[in-house]
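What follows is a single structure, written as structure tokens, with notes after it.
The values are calculated or read from the model by the stated rules, or taken from the named source; none is laboratory data. What you see is a predicted model; the values in this text were computed from it and never measured. Glycine gets a Cβ as well: all are built from the backbone with ideal geometry, and neighbour counts include every protein chain shown.
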């Protein structure tokens, strides 16, 4: 009969360092910090041995929820690809508790040291250091199709995809609602991540547009027609010309057909 390990509560840990042996590839989620004690029940082997070897699934289970619990962003997903140890890990069978320490914050994935300390009735019985290789994933907005420069983004132009943070630019967009209605300032290939730094709010007026020019003074509103002389977005100050007087004016863009004249 094979030994059986029961995890009463999940822990987690992650990341990998060089020069170690004993690699177990698999998947699990990550973070950093010190875990609370967790009860672990290890049954004895039929041979009567009082200890047993921990394999990758058991180690990953101990490390996993510790990392998940401590992730700064709960939308992140973590995959533990390798766990490396200097030699096989043997622990006493029976009821144990375990603490997990991670050497550094988990940011964009990579490798870090993790320490596991096993206790029986409050007394330390085993201490091991492991190295874990972790990939961190986040749902980011990508282009469904090729987007041309200055193309306004619609909901049907984008999708939300889980991607590895390691290869993502730091300004990759994660919330689709924040970019719908904006436009690209460069061409974007299909399936490429959308970057906040490569988007802009489309201008409401451009050179040559005819707008209603309004000015409020002494509780009186006066309006006339004007011609825009430069591109402007909502709230921008733009140059325009009064079509009646041919006088150049400065005003603030209210919407696509209205400019509020600066008071003089």
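Hey, can you tell me all the residues within region 237-255 that are surrounded by 15 or more Cβ atoms within 10 Å (Cβ to Cβ) and under 19 Å from residue 216 (Cβ atoms)? Write out each step before concluding.
Let us first name the residues in region 237-255 that are surrounded by 15 or more Cβ atoms within 10 Å (Cβ to Cβ), namely 238-242, 249, 251-254.
238, 240, 242, 249, 251, 252, 253, 254 - these are the residues of region 237-255 that are surrounded by 15 or more Cβ atoms within 10 Å (Cβ to Cβ) and under 19 Å from residue 216 (Cβ atoms).
Against the condition surrounded by 14 or more Cβ atoms within 10 Å (Cβ to Cβ) and without any contact (Cβ under 8 Å) to a residue 60 or more places away in the chain, how does residue 121 come out, does it pass?
Numbers: surrounded by 14 or more Cβ atoms within 10 Å (Cβ to Cβ): no; without any contact (Cβ under 8 Å) to a residue 60 or more places away in the chain: yes.
Answer is no for this residue.
Yes/no per residue for (1) within 28 Å of residue 80 (Cβ to Cβ); (2) buried (at least 18 other Cβ atoms within 10 Å of the Cβ):
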site	(1), (2)
133	yes, yes
140	yes, yes
147	no, yes
150	no, no
157	no, yes
185	no, no
188	no, yes
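When the residues of region 72-102 are filtered to those that are assigned to a loop (DSSP other than H, G, I, E, B) and free of Cβ contacts under 8 Å to residues at least 60 places away in the same chain, the one that is nearest to residue 125 (Cα to Cα) is 72.
Of all residues in region 248-264, those being farther than 14 Å from residue 203 by Cβ and out of contact with any strand residue (DSSP E or B) (no Cβ under 7 Å at 6 or more places or on another chain) number 1. Considering each of 129, 138 in turn, give the residue that is in contact with a strand residue (DSSP E or B) (Cβ under 8 Å, 6 or more places away or on another chain) and within 25 Å of residue 169 (Cβ to Cβ). Being in contact with a strand residue (DSSP E or B) (Cβ under 8 Å, 6 or more places away or on another chain) and within 25 Å of residue 169 (Cβ to Cβ) holds for just one of 129, 138, which is 138.
So is residue 69 farther than 21 Å from residue 126 by Cα, outside the structural domain of residue 173 (by TED's automatic domain parsing), surrounded by fewer than 21 Cβ atoms within 10 Å (Cβ to Cβ) and at pLDDT 80 or above or not? Criteria not met by residue 69. The condition of being in contact (Cβ under 8 Å) with a residue 12 or more places away in the chain, closer than 30 Å to residue 194 by Cα and in contact with a helix residue (DSSP H, G or I) (Cβ under 6 Å, 6 or more places away or on another chain) holds for residue 108. What about residue 242, is it over 38 Å from the mean Cα position of the chain (by Cα) and at positive phi? For residue 242, the condition - over 38 Å from the mean Cα position of the chain (by Cα) and at positive phi - is not met.
Considering each residue of region 217-229 in turn, at least one proves to be more than 23 Å from the chain's Cα centre (by Cα), in contact (Cβ under 8 Å) with a residue 24 or more places away in the chain and more than 27 Å from residue 153 (Cβ to Cβ).
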